[in-house]
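**Q** The structure's right below; bear with me while I get my questions together.
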Amino acid sequence: MELIIQPDDRAIATIVADAVTTLLADKPDAVLGLATGSSPLAVYDELVRRNEASEVSFARSRAFMLDEYVGLAAEHPQRYRNVIETEFTGRVDIRAEAVQGPDGLGEDIPAACRAYEDAIAAAGGVDLQILGIGTDGHIAFNEPGSSLASRTRIKTLTRQTRLDNARFFDDDLEQVPTHCLTQGLGTIMTAKHLVLVATGAHKAEAIHHLVEGSVSAMWPATIMQHHPHATVLVDGAAASRLQLADYYRETYETKPAWQSL
Ligand code: GLP
């Protein structure tokens, strides 16, 4: 796992956007994995800027989302399918039909989850997966206790996650859905490159466990320690509980120029 400490989200965004730009230059039909939440917003803004400047094209790429609330109406602005369109995919030249997410409105939920797994596999898997992390260490919506081998399925959101996300629902906990569909930890682990971004002191404990803790379903993101190509980008506040912070800084500063992300 590579740990990169940067001054702020804009510096992080530049590094992640460089990786996406390089990937799409090498493989224009690459498959991207997209996360919602506030953490990747600076990355999306930078990619939009580059797309407008014709520095990167998403025209032949495909994208899969990590998760979706169950039961939010199709037009609900917080439905992740709508959120990602507003924040990213609707602002770049990716084809609308090339963006897929789990169907949180499907009547047969297990069938919808299987279909989603099949669609990811049929696309050849995700080349680069952008991730955020919840304060309780969840990635996508894999809450503590999630099977480390899990696949796309329905999950019950923890009260903490619903509280964290209430800001998107008029600060009204009652409006936050109780259930979601999410790629499993096993699904996420099939992506070829995992890129997790986190900023702020409220993420420091989760980042500490992710990078330096024991692999455990109690801190689901720790499964990333088993991934052969995982990059974690944080600001100083999110890095504040890392025991080896000085070593990570030195490692990045002295990284050979030929070594990519
Ligand atoms: C939600 C999303 C996750 C995201 C997490 C953190 O629970 N399902 O994909 O990583 O929130 O969100 P934020 O980046 O806003 O802190």
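The values are calculated or read from the model by the stated rules, or taken from the named source; none is laboratory data. This one's a predicted model, so the numbers in the text were calculated from it and none came from an experiment. Reconstructed Cβ throughout: ideal geometry from the backbone, glycine too, with neighbour counts over all protein chains shown. Calculation scope for accessible area: heavy atoms of the full protein, side chains included, ligands and nucleic acids excluded. Shrake-Rupley method; radii C 1.70, N 1.55, O 1.52, S 1.80 Å.
**Q** For the chain, with only Lys/Arg (+1) and Asp/Glu (-1) charged at the beta-carbon, what is the dipole magnitude about the Cα centre, in debye rounded to 20?
**A** Details: 22 positive and 36 negative charges, 93 e Å.
Using only the charged Cβ atoms, the result is roughly 440 debye.
**Q** In whole Hz, with x marking every Gly and Pro, tabulate ³J(HN,Hα) for region 31-38 from phi via Karplus 6.51 cos²θ - 1.76 cosθ + 1.60, θ = phi - 60°.
**A** Result, ordered by residue: 9, 9, x, 10, 10, 9, x, 7 Hz.
**Q** Restricting to DSSP H runs of at least four residues, report the calculated mean residue ellipticity at 222 nm for the chain, -39500 (n - 2.57) per run over all residues, nearest 500 deg cm²/dmol.
**A** Numbers: 8 runs with 81 residues, N = 261.
So the calculated ellipticity at 222 nm is -9000 deg cm²/dmol.
**Q** What nm value, rounded to one decimal, do you get for the distance between T190 and M1 when each label is placed 7 Å out toward the C-beta?
**A** It is 2.3 nm.
**Q** Would you rank E253, E2, E68, E55 by solvent-accessible area, highest first, keeping every protein chain in place and using a 1.4 Å probe?
**A** Values: E253 145, E2 45, E68 5, E55 100 Å².
Putting E253, E2, E68, E55 in descending order of accessible area: E253, E55, E2, E68.
**Q** Now for a different question. Would you work out which of I4, S214, Q183 lies farthest towards the positive end of the dipole of the chain? Charges go on Cβ: Lys and Arg +1, Asp and Glu -1.
**A** It is S214, whose Cα lies furthest towards the positive end.
**Q** Pop out the ³J(HN,Hα) list for region 124-136 in order, Karplus 6.51 cos²θ - 1.76 cosθ + 1.60 with θ = phi - 60°, rounded to Hz; leave Gly and Pro as x.
**A** x, x, 7, 7, 9, 9, 7, 9, x, 9, x, 5, 9
**Q** Still on this structure: Just to be sure I follow the definition: excluding the sites themselves, where is the longest run in the chain that has none of the trypsin sites (Lys or Arg not before Pro) in a DSSP loop with at most 14 other Cβ atoms within 10 Å?
**A** Values: sites that count: R60, R95.
By the stated rule (loop sites, at most 14 other Cβ atoms within 10 Å), 96-261.
**Q** Still on this structure, please answer the following. Please list, ordered by chain and number, the residues whose modelled amide H lies under 5 Å from the amide H of L131; skip anything fewer than 5 residues away on the same chain.
**A** V195, L196, V197
**Q** Considering amide H positions built from the backbone, and no H for Pro or chain starts, which residues 5 or more places from E2, or on another chain, come under 5 Å of its amide H?
**A** Here A230, T231, V232 satisfy the definition.
**Q** So with the 1.4 Å probe, I'd like the accessible area per residue for the chain, rounded to whole Å². The partial results should precede the final answer.
**A** Details: 11490 Å² over 261 residues.
For the chain, the solvent-accessible area averages 44 Å² per residue.
**Q** Still on this model: Give the long-range amide H neighbours of S216: residues separated by 5 or more places, or on another chain, with amide H under 5 Å away, using H modelled in the peptide plane at 1.01 Å from N.
**A** It is T222, I223, by chain and number.
**Q** For K27, list the lysines whose Cα falls under 23 Å from its own Cα; do not include residues on the same chain fewer than 8 positions away.
**A** Those lysines meeting the cut-off are K192.
**Q** Return the FRET efficiency for the residue pair T158, W258: r is the Cβ-Cβ distance, R0 is 30 Å, and the value is rounded to the nearest 0.05.
**A** On the way: r = 43 Å, r/R0 = 1.43.
That pair, T158 with W258, gives E of 0.10.
**Q** Also, I was wondering about something else. Working with all protein chains in place, sort W258, W219 by solvent-accessible area computed with a 1.4 Å probe, largest first. Numbers along the way, then the final one.
**A** On the way: W258 200, W219 50 Å².
From most exposed to least exposed: W258, W219.
**Q** Mind giving me the FRET efficiency for E97 and Q243? R0 is 51 Å, r the Cβ-Cβ distance, nearest 0.05 is fine. Working shown, then result.
**A** Numbers: r = 46 Å, r/R0 = 0.91.
Efficiency, from the Cβ-Cβ distance: 0.65.
**Q** For region 91-229, what relative contact order do you get, as a whole percent, if you take Cα pairs closer than 8 Å and at least 6 residues apart?
**A** Relative contact order for region 91-229 comes out at 30 percent.
**Q** How charged is the neighbourhood of Y252? Take every other residue with its Cβ under 14 Å from the Cβ of Y252, and add Lys/Arg as +1 and Asp/Glu as -1.
**A** -4
**Q** Something else now. Which whole-Hz ³J(HN,Hα) couplings does region 60-73 yield from phi under the Karplus relation 6.51 cos²θ - 1.76 cosθ + 1.60, θ = phi - 60°, glycine and proline marked x?
**A** With coefficients 6.51, -1.76 and 1.60, one gets 9, 7, 10, 9, 10, 8, 6, 7, 7, 5, 8, x, 6, 4 Hz.
**Q** Put +1 on the Cβ of every Lys and Arg and -1 on every Asp and Glu Cβ in the chain; which of G33, V234, A201 then has its Cα farthest towards the positive end of the dipole?
**A** Toward the positive end, the furthest listed residue is G33.
**Q** Could you tell me the distance between the Cα centroids of region 132-179 and region 17-91, to the nearest Å?
**A** 20
**Q** Next question. With each pseudo-label sitting 7 Å past Cα toward Cβ, what's the V215-D18 distance in nm, one decimal?
**A** The answer from the label model is 2.9 nm.
**Q** Determine the percent antiparallel among the DSSP beta bridges restricted to region 6-253, to the nearest 5.
**A** On the way: 9 of 27 bridges.
Bridges in region 6-253 that DSSP calls antiparallel: roughly 35 percent.
**Q** When the accessible area of region 1-88 is computed with all protein chains present and a 1.4 Å probe, what percentage of it is carbon and sulfur? Mind dumping the intermediate values first?
**A** Values: 1700 of 3620 Å².
Answer for region 1-88 is 47 percent, counting heavy atoms of protein chains only.
**Q** Now for a separate question. Could you compute how fast the chain diffuses translationally, taking Rh as the Kirkwood radius over C-alpha pairs and applying Stokes-Einstein at 37 °C with viscosity 0.692 mPa s? Give it in µm² per second. The partial results should precede the final answer.
**A** Details: Rh = 18.4 Å.
The Stokes-Einstein estimate is 178 µm²/s.
**Q** Kindly sort S146, S216 by accessible area of their heavy atoms, largest first, with the probe set to 1.4 Å. Walk me through the intermediate numbers first.
**A** Working: S146 0, S216 35 Å².
Descending accessible area places them as S216, S146.
**Q** Once you place label points 7 Å from the Cα toward the Cβ at H229 and S38, how far apart are they in nm?
**A** Label-label distance for H229 and S38, simple model: 3.2 nm.
**Q** Taking 2.2 N^0.38 Å as the expected size of a compact globular protein, what ratio does the Cα radius of gyration of region 28-129 give against it, to two decimals? Working shown, then result.
**A** Details: Rg = 13.6 Å, N = 102, 2.2 N^0.38 = 12.8 Å.
Rounded to two decimals, the normalised Rg is 1.07.
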